Amino acid sequence: MNTSRLRLGVPLACALMAISLAGSSAAADDQTPPTAEITVAPPSAAPGTNVTVTATVTPGTNPDSTGLAVVCDLSWAGLTKTSSLSPDASGLVFSRTVTVPSDSPPGERMSSCTVTDDQDRSNTSPYTVTITSPDTDAPPTVTSHTPADGATDVAVDANIGITFSEAVDVADGWYTISCDTSGTHTAVVTGGGSSYVLDPDSDLANGETCTVSLDGTKVTDGGGNGLDGPASWSFTTEAAAPVNLPPSVQANGPYTVSEGGSVSLAATGSDPEGGALTYAWDLDNNGTYETSGSTVTFSAAALDGASSRTVGVQVTDDGGATATDTATVDVTNVAPTATFTAPATAYAGLPFTLSLTGAYDPSTADTNAGFTYSYDCGDGTYGASVSCSTSDVGTLTVRGQIQDKDGGATAYTATVTVTVTFDSLCSLVRAYSTDPKVADDLCAKLATAAAASTPTAHDGALGSFRNQVDAKVGKGLTAAQGAELKLLSTRL
């Protein structure tokens with residue numbers, strides 16, 4: 001064994017252990033325990049009343065506190081010295097409400113609360129509460145009343161409310177209501193205990209001053225104490241309301257809306273007194289103003305075709321006066337729409353098809369009635385047929401039109417390029433010829449022309465085709481069919 005290495009290793013290990021212990025000590029020195037600030041409300045209380053003890057906690061650090069809890073010495077309230085307080089939603093404010101025992105002697109109580117956390121740290125904070133002498137029987141007083149003393153603009157039909165400091169009994173003649181214009185008023189008395197309401201026998205006069213007075217000898221508490229001190233106050237009623245002039249309103253318009261659509265209606269009004277206005281509309285002309293707002297939406301979703309509707313608006317001012325006006329809403333018919341389909345190319349002499357699909361009209365009545373469809377195969381004439389054919393090559397302009405029962409129509413246009421090929425002309429021969437043998441012979445000549453390697457051979461084969469067409473007119477081909485087949489052969 002290397003003894004020199006062992007002798008060097010022991011001091012090194014000791015040094016490392018000393019550093020580790022120093023670091024742990026430093027970390028421990030950085031810790032702070034949780035603390036609590038204790039408040040008592042009210043700080044002074046008589047026996048039989050409630051007191052709330054509140055602890056506002058600051059968590060400890062390094063590490064942060066978890067599992068905070070607070071217990072307090074509440075032995076002065078007849079509880080234990082480690083009575084728990086309840087946390088709020090934040091978990092940092094703890095409180096508990098207790099009742100001062102009825103036999104508690106007066107004096108200051110010194111106590112404390114302790115806050116702890118799951119890191120085994122704690123802190124104790126003192127608090128005091130003062131217990132006062134039991135309340136003595138004090139005479140009742142008026143704690144509040146309505147209207148307030150000196151109040152103005154009091155409604156002429158207002159009631160008079162009175163609240164006492166405790167429950168009282170009242171005897172006849174305990175109040176008077178005296179006004180400088182309408183005189184003295186009796187009242188219907190309701191309520192009891194500590195709260196009474198006086199409803200004067202008739203409305204007070206506008207713009208007068210009234211005084212309410214209480215006879216303290218006729219207002220007593222359960223101990224026989226009369227009302228403490230004089231109780232009298234005055235108020236002034238509201239002035240007579242001026243005559244309310246009616247407002248004015250304009251429905252504006254006329255308005256225009258397409259069937260199935262909607263339009264915004266906007267009214268304007270004014271009030272001679274500048275009061276606030278409320279608006280309501282009669283959108284179905286039934287005499288009832290059922291839709292509120294100065295601006296509303298008129299819907300033509302259920303309307304059909306061109307028509308005119310009357311709408312009305314009513315405005316009401318803050319005094320209840322009203323005014324009305326009407327306007328017209330002109331409903332216009334909307335032409336139906338559809339998707340028009342035509343082939344981009346077609347073969348001369350052979351039929352092609354036009355179509356209108358996906359018809360739409362905002363009017364349910366038009367949709368239920370159905371639509372009229374018509375087509376123009378390129379000659380400028382509309383018809384019901386969807387099948388078209390041409391006798392020559394070229395560019396063809398075709399059209400389709402959809403129309404509703406009210407006459408609203410939408411037209412569409414497309415371009416069809418008409419061509420001819422050896423194969424398409426052979427198909428046309430077979431469509432025309434009543435004799436399959438004739439059709440085979442003519443198609444064979446077309447095939448020869450298609451396969452010709454020189455213009456001379458091409459033209460010769462087509463010339464032979466036309467000669468045979470002439471020979472078969474009246475023998476499987478009509479004169480018109482023959483002329484068309486010969487013409488189209490010249491386009492190859």
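The values are calculated or read from the model by the stated rules, or taken from the named source; none is laboratory data. The structure presented is a predicted model; accordingly, all values stated were derived computationally and were not measured. Heads up: the accessible areas ignore ligands, DNA and RNA and are worked out on the full protein's heavy atoms, side chains in. Shrake-Rupley method; radii C 1.70, N 1.55, O 1.52, S 1.80 Å.
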Per-residue HN-Hα couplings for the range 196-207 [Karplus 6.51, -1.76, 1.60; θ = phi - 60°; Hz; x = Gly/Pro] | 10, 10, 10, 9, x, 5, 8, 4, 6, 7, 5, x
What residues qualify as long-range amide H neighbours of E166, i.e. H under 5 Å apart, gap of 5 or more or another chain, H built at 1.01 Å from N?
-> T141
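For Cα pairs less than 8 Å apart in space and 6+ apart in sequence, what is the mean separation divided by the residue count of the range 52-126, i.e. the relative contact order in percent? Can you show the working numbers first?
Values: 122 pairs, mean separation 26.7, N = 75.
Normalised by residue count, the contact order of the range 52-126 is 36 percent.
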Which entry in (1) 62, 61, 59; (2) 139, 50, 41; (3) 143, 123, 33 matches Cα extents along the principal axes in Å derived from the coordinates of this structure?
-> (3)
Separation between Cα centres of the range 194-258 and the range 389-405, rounded to whole Å | 84 Å
Cα-based reach from K486 at 25 Å (exclusive), listing lysines while leaving out same-chain residues under 8 positions away = K437, K445, K472, K475
Per-residue HN-Hα couplings for the range 304-316, Karplus 6.51 cos²θ - 1.76 cosθ + 1.60 at θ = phi - 60°, whole Hz, x for Gly and Pro?
-> 9, x, 6, 7, 10, 10, 9, 10, x, 10, 10, 10, 10
Amide H to amide H under 5 Å from E208: which residues, 5+ apart in sequence or cross-chain, H placed 1.01 Å off N in plane?
-> T237
What list of ³J(HN,Hα) couplings, whole Hz, do you get for the range 209-215 from phi and the Karplus terms 6.51, -1.76, 1.60, once you set θ to phi - 60° and write x for glycine and proline?
-> 9, 10, 10, 9, 10, 10, 8
Report, by chain and number, residues whose modeled amide H sits under 5 Å from the one on T152, excluding near sequence neighbours (fewer than 5 apart, same chain).
-> T236
Can you give me the relative contact order of the range 380-448 as a percent, contacts being Cα pairs under 8 Å and 6 or more apart?
-> 24 percent
Note to self: with every protein chain in place and a 1.4 Å probe, the chain gives an accessible area per residue in Å² of 52 Å²
